[in-house]
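S.K.: Here's a structure for you.
Every read-out reported here was derived from the displayed coordinates using simple, explicitly stated rules and does not represent laboratory data. It should be emphasised that the depicted structure is a prediction, and the values quoted were computed from it without experimental measurement. Counting neighbours? That spans all protein chains shown, and the Cβs are built from the backbone with ideal geometry, glycine included.
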Amino acid sequence: MERPGVRGENAMIRVTRKMEFSAAHFYHNPNFSEEENRRVFGKCSNPHGHGHNYVLEVTVAGEPDPATGMVLDLKELKDIMQREIGERMDHRHLNYEVQELTGLIPTCENIAAAIWRLLEPKIGAGKLDRVRLYESPDLFADCTAASSGGKA
Amino acid sequence: MSGALKLSLTRRYRFAASHRLHQPNFSASENERIYGKCSNPYGHGHNYSLEVTVSGAVNPATGMIANLGELDPFVEREVVEAFDHKYLNEEVTEFASEVPTAENICREIYRRLRKFPAARLERVRIEETSKNSFEFDGEIGGREQRAP
C-alpha cells in the first residue's frame, strides 16, 4: 500500500539552512558570589569574555508549493536569518549588545530559544521546525516547539 | 508569538576501541557469512564519535539544562574511561555475552548514561565511521511491531 504523502500530496518536507556568526560572551549570575560564579561557570565566567564561531541551522517544515516545488524560498530564509540573527549577533557581545538576551545567561540553550522567538513569527511559508545552534563542533542546543512532539 | 519550547543539549565525545563481531553459537562459515571482515579473529578498531543529548527545563540561574561541569565527568567516567583504547569484547563485561555491534554499543551506552541525575537522557548517537551512525532514545518494541 502506498503511504500517504509519498506521491507529492501532503508530503511534509524539512528544509534546513545554515549560517555562521561569531560573538563574544561570558557567564555571570549577579546573584551568585564571585566564588560561586567561578565554581558553577568555570572558565566561562572570565569577566573579560571569550568568543565562539556559532553555527546556526534553521529547519522549516512544510508541504512544497505545487507551483514552485518549494516549501519556502531559501533566499528569503537566508535574508530573514541574516536580518534577524546575523545583524543582531554577529561580531557582538551577547551579554551587552543583544536585547533579547538581557537578564539571561547567554548559554547555547538560551541563545537557541531567543533565536527561535525571533525567527518563528517571521517565517512566512512553512513552519519553524527546529533551531540548532552549535557553539563548537562538539556542543549544540536544539530548540523545538514543545507541542510538536518532535524530538529536540 | 511562541508557545512553549522544548530544549535539548548535545555534547560530543570520542573514544577509540577495538572489537570483533563473532557469535560463538554460529559456525565459522555462518560468522563469516554474517559478519564478513568484521569477524576477523584478531579484531579491528574504530574511532567512535558519541553524541549525548539531554533535555529538560533550563535552570534560570545558570541558563543551562545540564552543567557540562557535571555531564562531562559523568560521561568520561561511565563510558569514555571504560571504552577508550579497550578491546570491547574482553574488557567491557557486558560484551562478554553480547556481540559488540554498534547497535549494542549504542544501547549499552544509553543504559549507562540514563542514570545521569541532573537532566533527562534524550538520546545517544554514535558514529562508528563517518558513513555509519546509530541512535537509541530508549524506545522499545521495534522488533515486536514488525510484521512477522
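S.K.: Could you point to the residue in B:Asn104, B:Tyr48, B:Gly138 farthest towards the positive end of the range B:38-146's charge dipole, with +1 and -1 charges on the Cβ of Lys/Arg and Asp/Glu respectively?
M.R.: Final value for the positive-end residue is B:Gly138.
S.K.: Choose one of A:Leu128, A:Ile105, A:Leu94: the residue whose Cα lies farthest towards the positive end of the charge dipole of the range A:35-152 (beta-carbon charges +1 Lys, Arg; -1 Asp, Glu; about the Cα centre).
M.R.: A:Ile105
S.K.: Would any residue of the range A:9-26 have its amide N under 12 Å from a label point 7 Å out along Cα→Cβ of A:Leu139? List them or say none.
M.R.: Of the residues in the range A:9-26, A:25-26 have backbone N under 12 Å from the label point off A:Leu139.
S.K.: In a GNM of chain A with a 10 Å cut-off on Cα contacts, which of A:Tyr134, A:Tyr54, A:Tyr96 has the highest mean-square fluctuation?
M.R.: Comparing A:Tyr134, A:Tyr54, A:Tyr96 in the GNM, the peak value goes to A:Tyr96.
S.K.: Projected area of the range A:14-152, taken from the Cα convex hull and averaged over every viewing direction, in nm²?
M.R.: On the way: hull surface 36.5 nm².
Spelled out: convex hull of the Cα atoms, projected over all directions, averaged, 9.1 nm².
S.K.: Using alpha-carbon pairs under 8 Å, 6+ residues apart, how would you state the relative contact order of chain A in percent?
M.R.: 26
S.K.: Would you work out the charge dipole size for the range B:5-76 about its Cα centre, treating the Cβ of every Lys and Arg as +1 and the Cβ of every Asp and Glu as -1, and quote it to the nearest 20 debye?
M.R.: Here the size comes out at about 180 debye.
S.K.: Which loop-located trypsin sites (Lys or Arg not before Pro) does the range A:13-48 contain, where loop means any DSSP state but H, G, I, E or B and the Cβ has at most 16 other Cβ atoms within 10 Å?
M.R.: Loop-located and lightly packed - none at all.
S.K.: Indicate, rounded to the nearest 5 percent, the antiparallel portion of the DSSP beta bridges found entirely in chain B.
M.R.: Roughly 95 percent of the DSSP beta bridges within chain B come out antiparallel.
S.K.: What net charge is computed for the residues neighbouring B:Leu121, neighbours being all others with C-beta under 9 Å from the C-beta of B:Leu121, Lys and Arg scored +1, Asp and Glu -1?
M.R.: That works out to +2.
S.K.: Let me ask you something else. Net charge near A:Ala61: determine it from the other residues with C-beta under 10 Å of the C-beta of A:Ala61, scoring Lys and Arg +1 and Asp and Glu -1.
M.R.: Around A:Ala61, the surrounding residues sum to +1.
S.K.: Taking chain B as a Gaussian network, Cα atoms linked when under 10 Å apart, which of B:Leu88, B:Leu121, B:Leu68 shows the biggest mean-square fluctuation?
M.R.: B:Leu68
S.K.: Which distance in Å, rounded to a whole number, links the C-alpha centroids of the range B:76-130 and the range A:91-116?
M.R.: Centre-to-centre (Cα) distance: 34 Å.
S.K.: Placing +1 at every Lys and Arg Cβ and -1 at every Asp and Glu Cβ, with all other atoms neutral, what dipole size does the protein assembly as shown have around its Cα centre, in debye to the nearest 20?
M.R.: Computed charge dipole of the protein assembly as shown: roughly 280 debye.
S.K.: Taking only the alpha-carbon positions of the protein assembly as shown and ignoring solvent, what does the Debye formula give for the base-10 log of I(q)/I(0) at q = 0.13 Å⁻¹?
M.R.: Debye intensities relative to I(0), on a log10 scale: -1.03.
S.K.: Then there is this: For a quick check, take a GNM of chain B with Cα springs below 10 Å and name the residue from B:Ala57, B:Ala119, B:Ala28 with the largest mean-square fluctuation.
M.R.: B:Ala28
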